[in-house]
1. In segment A:3-27, which residues give up 30 Å² or more of accessible area once the other protein chains are added, compared with their chain alone (1.4 Å probe)?
2. Going by amide H atoms built from the backbone, whose H comes under 5 Å of the H on B:W63, apart from near neighbours?
3. Can you pull the one-decimal nm distance between simple spin-label points at B:K247 and A:M439, each 7 Å off the Cα toward Cβ?
4. With viscosity set to 1.002 mPa s and temperature to 20 °C, compute the Stokes-Einstein D of the protein assembly as shown, Rh being the Kirkwood radius across alpha carbon pairs; µm²/s, no decimals.
5. Using the Cα centre as the reference, give the magnitude of the dipole from point charges on the C-beta atoms of segment B:206-245 (Lys, Arg: +1; Asp, Glu: -1; all else neutral), rounded to the nearest 20 debye.
6. Please check segment A:394-420 for residues whose accessible area, probe 1.4 Å, is lower by 30 Å² or more when all protein chains are in place than in their chain alone.
7. Just the accessible area per residue of segment B:126-204, please: how many Å² with a 1.4 Å probe?
8. Expressed as a whole percent, how much of the Cα-Cα distance distribution for chain A exceeds 27 Å?
Number of protein chains: 2
Amino acid sequence: MADTKIFLSESEMPQAWYNINPDLPAPLMPPLNPATNEPLGPEALAPLFPMALIMQEVSMEPWIEIPDDIMRIYKLWRPSPLHRAFALEEELGTPARIYYKNESVSPAGSHKPNTAVAQAYYNKQEGVNRITTETGAGQWGSALSLAGALFDIEIRVYMVRISYDQKPYRRLLMQTWGGECIPSPSDLTNAGRTILANDPDSPGSLGIAISEAVEEAAGREDTKYSLGSVLNHVLLHQTVTGLELKKQLAIAGEKPDMMIGCVGGGSNFAGFCFPFVKDKLDGQDIQIIATEPTACPTLTRAPYRYDFGDNAQMTPLLKMHTLGHSFVPPPIHAGGLRYHGDAPLVSLLVSQKVIEAHAFHQNEVFEAAITWARSEGHLPAPETAHAIRAAIDEALKCKETGEEKCIVIAYSGHGHFDLASYDAYLSGNLIDYPLPQEMIDEAMKSVPEVPEQ
Amino acid sequence: MADTKIFLSESEMPQAWYNINPDLPAPLMPPLNPATNEPLGPEALAPLFPMALIMQEVSMEPWIEIPDDIMRIYKLWRPSPLHRAFALEEELGTPARIYYKNESVSPAGSHKPNTAVAQAYYNKQEGVNRITTETGAGQWGSALSLAGALFDIEIRVYMVRISYDQKPYRRLLMQTWGGECIPSPSDLTNAGRTILANDPDSPGSLGIAISEAVEEAAGREDTKYSLGSVLNHVLLHQTVTGLELKKQLAIAGEKPDMMIGCVGGGSNFAGFCFPFVKDKLDGQDIQIIATEPTACPTLTRAPYRYDFGDNAQMTPLLKMHTLGHSFVPPPIHAGGLRYHGDAPLVSLLVSQKVIEAHAFHQNEVFEAAITWARSEGHLPAPETAHAIRAAIDEALKCKETGEEKCIVIAYSGHGHFDLASYDAYLSGNLIDYPLPQEMIDEAMKSVPEVPEQ
């Protein structure tokens with residue numbers, strides 16, 4: 001019998017990240033200055049990011065070497081295992097072969113530290129000892145707090161107040177790693193004070209938290225800002241997962257027929273599949289499937305347009321699938337999939353039909369999560385369970401057709417801090433949100449008109 | 001540079017558990033019938049356990065083969081990695097080489113599934129479709145619920161009411177795996193009803209929960225009982241960890257100078273070190289150190305006596321280090337280390353001075369946990385952090401003496417469900433409990449007088 005898990009040795013770890021930019025089937029549209037609609041030069045980002053990351057953001061080099069100090073920290077948990085989901089296959093009675101690349105083994109429990117550690121390193125290299133960021137449910141804030149502890153960088157996380165109050169465990173995780181966690185809106189920034197003046201009980205939003213983190217970093221010499229998804233350099237760092245996966249599948253003697261991941265901003269999905277996109281463009285028959293919630297259907301129902309990355313219109317304009325930066329998704333439990341847009345790189349590949357997308361309701365997603373937990377044992381994050389839902393559906397189709405497809409899942413994180421959402425599902429209190437077209441139309445009014453580039 | 005992690009391939013996994021019984025330096029005293037003070041025959045346990053487990057309990061075979069169906073499930077997460085704690089070594093500036101065997105990678109987050117899966121298997125083999133057990137903080141209840149899901153066995157867990165109310169996450173974990181979780185005392189058993197009649201608001205205790213689980217299993221034809229530590233067969237199943245570790249250390253070219261684990265009932269510690277005890281008895285110089293809380297100092301301050309395994313005096317008498325079965329430890333956060341006794345096998349080896357023991361206060365333990373989390377990244381369980389505290393102390397001694405000792409830690413579990421206790425530490429609200437001798441003397445009055453065997 002084949003192995004249930006395929007490990008790489010540390011010497012087999014990729015030594016460089018893969019930059020998809022030179023291999024794209026169409027040019028990536030540049031970020032625009034919203035005041036002029038002109039492409040934004042790298043120097044415009046210098047107040048927020050260290051120069052090394054800005055250069056990665058625009059690099060056309062196909063490979064970017066991973067520095068030794070980052071490799072050293074990756075090895076605290078990497079290379080991550082590739083599992084064959086024999087138990088799930090048996091449970092489903094499918095002839096499909098199902099694999100999953102397990103990023104839940106990181107200290108923060110998800111793929112997020114792959115870029116958090118890299119970003120902390122490059123900041124430290126340029127003398128930065130203080131970083132601000134925002135977090136919704138807390139996955140990113142905890143990953144950056146971990147990276148801050150490892151590189152001795154002070155981390156301040158603006159956490160959406162309603163999550164701060166409702167999800168104390170992730171806040172405590174940040175604090176355990178020494179991160180400072182501020183409920184947003186706060187009275188520490190103009191953006192926060194403005195909101196509080198209008199609504200002292202504001203529950204906050206990711207848009208407000210971004211504004212606070214960016215405002216503070218822009219206004220302080222000693223402080224930079226860090227983002228956990230969407231941008232090119234973030235996706236670049238995540239390719240360590242797909243590159244490991246490629247070697248592991250080769251060891252297993254497999255070529256993937258289907259690769260399935262979930263997309264919020266798109267970084268875990270990109271890291272997982274980008275090294276295979278080139279194979280597909282070169283003619284290999286791989287179906288690459290992005291999954292998302294029906295409650296926030298950016299890839300399945302939103303147009304490909306220039307829009308702001310945040311609700312408060314503080315960011316450059318990015319060409320992406322967007323529901324409109326004023327879009328506020330229903331309160332689904334997959335907090336990491338509630339972003340109004342998507343990474344420009346992922347959006348481009350969806351618009352080019354290299355990647356396809358499917359949306360799921362949360363009850364069917366949690367049903368899949370339970371099937372998984374009771375066969376494979378491990379408890380997936382609600383975000384990850386979207387990919388599991390799609391994989392189970394495809395495996396059941398194989399059962400009907402008899403096809404022995406090789407299906408690979410991006411297992412982006414565990415659900416240890418999401419048990420309240422499992423409780424809601426098991427007790428029948430989980431609500432599905434079919435999204436009325438009028439709600440999208442209304443939010444799309446916030447998208448600025450930009451002349452064809 | 002040496003690897004940070006040493007993985008075994010699945011083909012290198014041990015094919016049999018190691019039974020220390022034939023290698024003991026002194027005979028293990030048998031369990032006694034409390035009514036007669038006579039040794040208890042295997043048949044007396046038949047209402048509670050399947051015969052295969054009872055036979056393992058008394059076996060003198062040095063190796064017991066691991067059935068294929070258990071191996072198949074072990075491979076969902078095993079072999080578990082051995083890590084070199086380079087980052088901690090650097091943080092401490094020690095010449096010691098520190099390793100940790102990482103059992104936190106199991107779906108339930110600890111070593112507990114190693115025996116839960118085995119026990120579920122042997123029950124299923126003998127046609128048992130329903131098992132009761134008790135749980136304090138929830139580690140064991142969740143591991144057995146997982147095993148129940150994998151072998152399609154109904155699991156009912158009596159959970160100490162105060163934990164049931166205060167630790168909803170572990171209860172939800174059990175339910176996610178399909179386990180039924182009943183707050184104890186309950187009105188489902190005579191034991192529970194008696195307590196509730198006297199005190200309708202009883203917070204419960206492990207002793208009461210054991211009584212309820214045992215009473216139900218003893219009274220129902222279709223139901224057996226399962227215990228998560230203390231008994232010989234439980235420790236036997238855990239040796240899979242120490243056997244893997246032995247191969248991994250050989251790959252690293254190491255022989256351990258010190259092996260350090262934490263002891264509640266003793267099962268994770270035994271599994272970790274028993275395969276090395278024989279080496280020590282054969283003359284190898286290994287220091288084997290059990291750690292425990294000063295608030296429940298069974299190995300460091302309690303005598304080696306026959307006593308009941310539970311507060312309600314329903315179990316046989318076991319020869320062990322015991323603080324007295326009426327002992328109620330202070331409410332420390334390492335819930336898994338609050339048992340009044342210890343496994344008879346571990347107790348024997350401590351009494352024979354093969355194993356030494358050290359006790360720690362919880363503030364120094366959490367200080368070590370934070371040092372660990374901020375260097376190694378991973379967040380240890382409070383129980384595990386006792387072993388980390390001892391290892392850091394020993395590594396700092398090496399820094400003074402210049403000794404390059406090889407120190408191996410039993411990393412028994414993660415602390416993802418224990419963040420409230422980290423919060424208590426970080427906010428300065430954690431209380432240390434030096435235990436007055438009078439409290440031990442008082443509890444020791446509950447230990448029965450048994451004639452010398």
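1. The answer is A:D3, A:T4, A:K5, A:F7, A:E10 - residues whose exposure falls by at least 30 Å² when every protein chain is included.
2. Those qualifying (amide H under 5 Å, at least 5 residues apart or on another chain) are B:N19.
3. 5.2
4. In µm²/s, the coefficient rounds to 75.
5. In debye, rounded to 20, segment B:206-245 gives about 140.
6. Those residues are A:H416, A:F417, A:L419.
7. Here the residues of segment B:126-204 average 36 Å² of exposed surface.
8. Tail of the P(r) past 27 Å holds 50 percent of the pairs.
The values are calculated or read from the model by the stated rules, or taken from the named source; none is laboratory data. Quick caveat: nothing in here was measured; it's all calculated off a predicted structure. Quick reminder, even Gly has a Cβ in these numbers, built from the backbone with ideal geometry, and neighbours come from all protein chains shown. The accessibility values were calculated without ligands, DNA or RNA, using every heavy atom of the protein model including side chains. Shrake-Rupley method; radii C 1.70, N 1.55, O 1.52, S 1.80 Å.
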